[in-house]
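The values are calculated or read from the model by the stated rules, or taken from the named source; none is laboratory data. Predicted, not measured: the structure shown is a model, and the values here were computed from it. Reconstructed Cβ throughout: ideal geometry from the backbone, glycine too, with neighbour counts over all protein chains shown. The accessibility values were calculated without ligands, DNA or RNA, using every heavy atom of the protein model including side chains. Shrake-Rupley method; radii C 1.70, N 1.55, O 1.52, S 1.80 Å.
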Amino acid sequence: MEMEKMTTLRGKPVMEGIAIGILRFMDAQDTGVASDEHEPSAPAVLKERFVQLRDKVAEEYLALAERAKGEVGSAEADIFSTHAMMVQDGDLEDAVFAGIDAGQSLTDAIRSAGEGIAAMLAEMEDEYLQARAADAREVCARLVAVLRGGSVDSLQFDVPTVLAAVDVTPAELLQADRTKLMGFFTAQGATGSHTSILARSLSLPSAVAVGTLPPQSLEGETVILDGFTGEIILSPDEDTLAAYRDKQASVHARRKEEESYRGLPNRTADGYEVQVLCNIGRGEEAAAVLQNDGGGVGLFRSEFLYLESTDFPSEETQYRVYCRLLQEMDGRPVIIRTMDVGADKQVGYFGIGREENPALGYRSIRICMDRPEILRTQLRALYRASAFGKLSILVPMIVSVSELLWVRSQEQTVREELRREGIPFDPGVKLGIMIETPAAVMISDLLAERADFFSIGTNDLTQYSLAVDRQNPMIERLYDPHHTAILRMIALVAQNAHKAGKTVSVCGELARDTALTPFLLAAGVDSLSVSPPYVLRLRRAIRNANRSEVNLNEYLQT
Ligand code: PEP
Ligand code: MG
């Protein structure tokens, strides 16, 4: 038999880990339903059948939501509640009825209604709505499958399997035989989709946006999925396979060992305790914070709310999101950053237009100072939500004292407004600033007197201090957050914060770099905020560190 040649595909990594298994395809678009079914019933009969079918499927989704709640948490359960709502949506009914009136069979009417709605969503500019196209297809595939006499079958596998698909729906993922599903990759999909969120909650190595799937003839071949890099290695040779088996074994060993840190304090060997919080971009990720034993939310990037909308999110919309997050965190600290739109996070309806240097351009607080209503709406929503938990507000991209004072004045106005309106809020809400520009570092003594806390954004601080665009792959090797200049800045900021009796946290990616944990602690950092999967790893590094043994000069003088 001729050996297949080893080839590599690359997608966007969703969940880290190494999956090794047999390649199996799932064509998500094909529900296996023949389009030439004859259903000679009268339109009124077909419509009645649709209504009954829809109610049955909605019930099935609600049952799935209950199951998801028990297995993976309430955020994932919401996916199925949303599907239950979509299946009962009036637009779907109208489209199906129109198909029936035009002489289509019920199967065809549902399928074309689903495709129509999915196509419309896929064309939306908004990424969030685009991602809902797969949900529309999922809902209609399920309707058709149930119409034909059953539920969509669970994906059952005989052997450890890596699944390849055009797209996978959250329901399919939840129903798949997870004892044998090692990982999956999809041609389409986005890292922020519900499927990706679920994959992370299930710790399932995965990659999306691979582009072209491998040829179907490779079904049954061995495949390696590297969830760290998004690489998919088809028909690997023996040496590659052995190398990845080693990598897989060390990942397993590391995870197992990390688990033993669950529930322990983030305390160094010599008794210095810090907070370990989580960076998230969407309310749905609250479940991952809790599952990974995070102490709360250290950075909620609220700009995702703006990126996922087609217009400015209203006070009410924002209030609901913040409220829910605070409630889910159940008294744990939650730091919500005011919107950091601009630079690499452009939002069409802001109308910013083309800029020569967007990273040095019209961004976050700079936009708000020209259009105060944007910040006011957000501050009102935040303050109203503050009554439901332990909220702090974080302002990005500060370069001067006057900017901070301006935000303070806006904050004051909002507090007075709410008081006048009799709306309850927590008067103890803290207002902190991101330290992510060299200017903010150099005046951190002045800023510390007026801010309640600092959070160091090493991602931008590195870019602005070293004059290295964080987005430019050609100069990636120059993007060095370990640079002595950055480490000195961190030490200086911590010193100035503490002199004024304020706390300092690091929320840039450097916070999860365990090679620097002893330095960060010795420099006086009070809190570290990382993506949820890194909490336990960081806790291990903290507990193994001994602050008194760190020689700061080794970091600051080399
Ligand atoms: C940072 O700059 O380090 C940061 C945390 O913010 P963002 O990555 O969202 O710019
Ligand atoms: Mg930043």
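In this entry, ILE486 passes the filter for residues that are within 16 Å of ligand 1 (Cβ to nearest atom) and either in contact with a helix residue (DSSP H, G or I) (Cβ under 9 Å, 6 or more places away or on another chain) or in contact (Cβ under 8 Å) with a residue 40 or more places away in the chain (or both). For the stretch 465-478, the candidate set comprises residues that are assigned to a loop (DSSP other than H, G, I, E, B) and under 24 Å from the mean Cα position of the chain (by Cα); within that set, the residue that is farthest from LEU510 (Cα to Cα) is ASN472. Applying the set (1) open to solvent by 40 Å² or more (accessible area, probe 1.4 Å); (2) among the aliphatic types (A, V, I, L, M); (3) within 31 Å of the chain's Cα centre (by Cα) to LEU536 leaves exactly one unmet item: (1). Would you mention how many residues in the stretch 445-459 are of a type in the set (A, V, I, L, M) and within 12 Å of ligand 1 (Cβ to nearest atom)? Number satisfying all stated conditions: 1.
Is it true that some residue in the stretch 14-34 is farther than 27 Å from ARG200 by Cβ, of a type in the set (Asp, Glu) and at pLDDT 50 or above? So far as the stretch 14-34 goes, no, none of its residues is farther than 27 Å from ARG200 by Cβ, of a type in the set (Asp, Glu) and at pLDDT 50 or above.
Return yes or no: is PRO473 more than 30 Å from PRO518 (Cα to Cα) and either open to solvent by 50 Å² or more (accessible area, probe 1.4 Å) or within 16 Å of ligand 2 (Cβ to nearest atom) (or both)? Show your work before the answer.
Values: more than 30 Å from PRO518 (Cα to Cα): no; either open to solvent by 50 Å² or more (accessible area, probe 1.4 Å) or within 16 Å of ligand 2 (Cβ to nearest atom) (or both): yes.
Criteria not met by PRO473.
Can you name the helices (runs of 4 or more DSSP H) wholly within the stretch 227-335 that have at least 1 residues being at pLDDT 95 or above and more than 26 Å from PHE454 (Cα to Cα)? Give the steps one after another, and end with the answer.
On the way: elements: 238-259, 286-291, 303-307, 315-329.
Filter on the stretch 227-335 gives 238-259, 315-329.
Answer with yes or no whether VAL162 is among the β-branched types (Val, Ile, Thr) and either touching a helix residue (DSSP H, G or I) at 6+ places or on another chain (Cβ under 8 Å) or surrounded by fewer than 23 Cβ atoms within 10 Å (Cβ to Cβ) (or both). Taking the combined requirement at face value, the residue does not satisfy it. Taking the criterion of being of a type in the set (S, T, N, Q), within 21 Å of ARG267 (Cβ to Cβ) and not in a helix (DSSP H, G or I), the residues of the stretch 504-546 that qualify are SER505, SER527, SER529, ASN546.
Let's see how each residue does on (1) open to solvent by 70 Å² or more (accessible area, probe 1.4 Å); (2) among the β-branched types (Val, Ile, Thr):
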| position | (1), (2) |
| --- | --- |
| LYS247 | yes, no |
| ALA253 | no, no |
| GLU259 | yes, no |
| GLY263 | no, no |
| TYR272 | no, no |
| VAL276 | no, yes |
| GLY283 | no, no |
| GLU316 | yes, no |
| ILE335 | no, yes |
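In summary, GLY501 fulfils each of the numbered conditions (1) exposed (fewer than 15 other Cβ atoms within 10 Å of the Cβ); (2) in a helix (DSSP H, G or I); (3) modelled with pLDDT of 95 or more; (4) not polar (S, T, N, Q) with the single exception of condition (2). Across the stretch 400-408, a minimum of one residue is classified as modelled with pLDDT of 95 or more, of a type in the set (S, T, N, Q) and open to solvent by 50 Å² or more (accessible area, probe 1.4 Å). Filtering VAL289, VAL321, VAL297 for residues that are in contact with a Pro (Cβ under 9 Å, 6 or more places away or on another chain), within 17 Å of SER392 (Cβ to Cβ) and open to solvent by 30 Å² or more (accessible area, probe 1.4 Å) leaves a single hit, VAL321.
Does the stretch 310-318 include one or more residues that are more than 30 Å from MET124 (Cα to Cα), away from ligand 1 (no atom under 16 Å from the Cβ) and of a type in the set (S, T, N, Q)? No, because not a single residue in the stretch 310-318 is more than 30 Å from MET124 (Cα to Cα), away from ligand 1 (no atom under 16 Å from the Cβ) and of a type in the set (S, T, N, Q).
One line per residue, one yes/no per condition, for (1) among the aromatic types (Phe, Trp, Tyr); (2) more than 16 Å from ligand 1 (Cβ to nearest atom); (3) open to solvent by less than 10 Å² (accessible area, probe 1.4 Å); (4) under 27 Å from ALA448 (Cβ atoms):
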| site | (1), (2), (3), (4) |
| --- | --- |
| ASP344 | no, no, no, no |
| ARG354 | no, yes, no, no |
| ASN357 | no, no, no, no |
| ARG384 | no, yes, no, no |
| PHE388 | yes, yes, no, no |
| ILE393 | no, no, yes, yes |
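Pairing each residue of the stretch 230-252 that is closer than 20 Å to VAL210 by Cβ with any residue that is in a helix (DSSP H, G or I) and of a type in the set (A, V, I, L, M), provided the two are 6+ apart or on different chains, yields C-beta distances under 8 Å for LEU234/LEU218; SER235/LEU218. Among residues of the stretch 443-470 that are more than 12 Å from SER400 (Cα to Cα) and acidic (Asp, Glu), those with a beta-carbon under 7 Å from a residue that is assigned to a loop (DSSP other than H, G, I, E, B) and more than 16 Å from ligand 2 (Cβ to nearest atom) at least six positions away or on a different chain give the pairs GLU449/ALA500; ASP452/LYS502.
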